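Here the structure comes first, spelled out in structure tokens, and everything after it is commentary.
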Number of protein chains: 2
Amino acid sequence: MEENPEGKGALRANEEFYRAFESLDLGRMEALWARGEGVWCIHPGWGLLTGWDQVIDSWSRIFENTSLMQFRITDAQVQTSRDLAMVVCLENITSVVDGNVSEFKVLSTNAFMLREGSWLMVHHHGSPVYRA
Amino acid sequence: MEENPEGKGALRANEEFYRAFESLDLGRMEALWARGEGVWCIHPGWGLLTGWDQVIDSWSRIFENTSLMQFRITDAQVQTSRDLAMVVCLENITSVVDGNVSEFKVLSTNAFMLREGSWLMVHHHGSPVYRA
């Protein structure tokens, strides 16, 4: 559970998740998620999505309605155990969704599993921050 | 990352977390959290709390303002890796906070680490559900 070299790998995977989100490129987002039923995703305010199909479909819908997404990630912390890693971080976001510009903060828990040397995403849980 | 006997232990720890929450007994809540700096907590809408002191202080404040908290937990799923386990579940809640009765749903990611045979809580991330 301590920070270790695996923690650095998971933090790099976490960084790539936000670069993929900014790219609004569905293929790049697909490439970093683990395949199968054991993946979960909770977008801010949404219900629980489980399995590759539901998760990737949600990214497709988000990318369709978004013309700009910029993340400044702060407060990233990681915990790892062999082949499972968990990252929490604060997303400082500037976005244009349905033509509306907004700036807001989301706190996220992201989880990754190590498969054949790569940390693949298995869980994203983002939630709005109302109070500091 | 598959479900396994460790998964059952983590699910039992997850269940005890909600029984402790319902009890509004700070000692019972303290007993299930890991000690030290490597614990995190995100209450719905709050900022990130890190470390035992911040996390336990938040429970103390929540319990002071709450006279009833009842959970019906559904959709619980678990992923484990040796000594780290992650659970997602839907909290169907009836509460009385500051004298106001309300019913609402929260989606949570909870994480536990295995220490000396016990699954101890290291992370709680709860967020409101606005859409199914």
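The values are calculated or read from the model by the stated rules, or taken from the named source; none is laboratory data. This structure is a prediction, so every number in the text was calculated from the model and none was measured. Every residue, glycine among them, receives a Cβ derived from its backbone with ideal geometry; neighbour counts consider all protein chains shown.
Taking segment B:109-132 as the range and being among the small types (Gly, Ala, Ser), touching a residue at least 24 places away in the same chain (Cβ under 8 Å) and facing chain A (nearest Cβ under 7 Å) as the test, the residues that pass are B:111, B:127.
Every test in (1) at the interface with chain A (Cβ under 9 Å from one of its Cβ atoms); (2) closer than 23 Å to residue A:130 by Cβ is passed by residue B:84 save one, and that test is (2). If you go through segment A:30-81 and pick out every residue that is more than 24 Å from residue B:73 (Cα to Cα), of a type in the set (Asp, Glu) and facing another protein chain (nearest Cβ under 10 Å), you end up with 1.
Has segment B:34-46 got at least one residue that is free of Cβ contacts under 8 Å to residues at least 12 places away in the same chain, within 21 Å of residue A:87 (Cβ to Cβ), in contact with a helix residue (DSSP H, G or I) (Cβ under 6 Å, 6 or more places away or on another chain) and not in a helix (DSSP H, G or I)? Looking for residues that are free of Cβ contacts under 8 Å to residues at least 12 places away in the same chain, within 21 Å of residue A:87 (Cβ to Cβ), in contact with a helix residue (DSSP H, G or I) (Cβ under 6 Å, 6 or more places away or on another chain) and not in a helix (DSSP H, G or I), one finds none in segment B:34-46, hence no.
Exactly one residue out of A:106, A:101 is more than 9 Å from chain B (Cβ to nearest Cβ), over 26 Å from residue B:51 (Cα atoms) and assigned to a strand (DSSP E or B): that is A:101. When residue B:93 is tested against (1) surrounded by fewer than 16 Cβ atoms within 10 Å (Cβ to Cβ); (2) not in a loop (DSSP other than H, G, I, E, B), only condition (1) is not met. Quick one: is residue B:47 in contact with a strand residue (DSSP E or B) (Cβ under 8 Å, 6 or more places away or on another chain), under 22 Å from residue B:119 (Cβ atoms), modelled with pLDDT under 95 and not polar (S, T, N, Q)? It is false that residue B:47 is in contact with a strand residue (DSSP E or B) (Cβ under 8 Å, 6 or more places away or on another chain), under 22 Å from residue B:119 (Cβ atoms), modelled with pLDDT under 95 and not polar (S, T, N, Q). I'd like to know if segment A:16-25 contains one or more residues that are within 14 Å of chain B (Cβ to nearest Cβ) and surrounded by 20 or more Cβ atoms within 10 Å (Cβ to Cβ). No, there is no match, as no residue in segment A:16-25 is within 14 Å of chain B (Cβ to nearest Cβ) and surrounded by 20 or more Cβ atoms within 10 Å (Cβ to Cβ). Residues of segment B:3-26 that are closer than 21 Å to residue B:97 by Cβ and more than 12 Å from the chain's Cα centre (by Cα): B:23, B:24, B:25, B:26.
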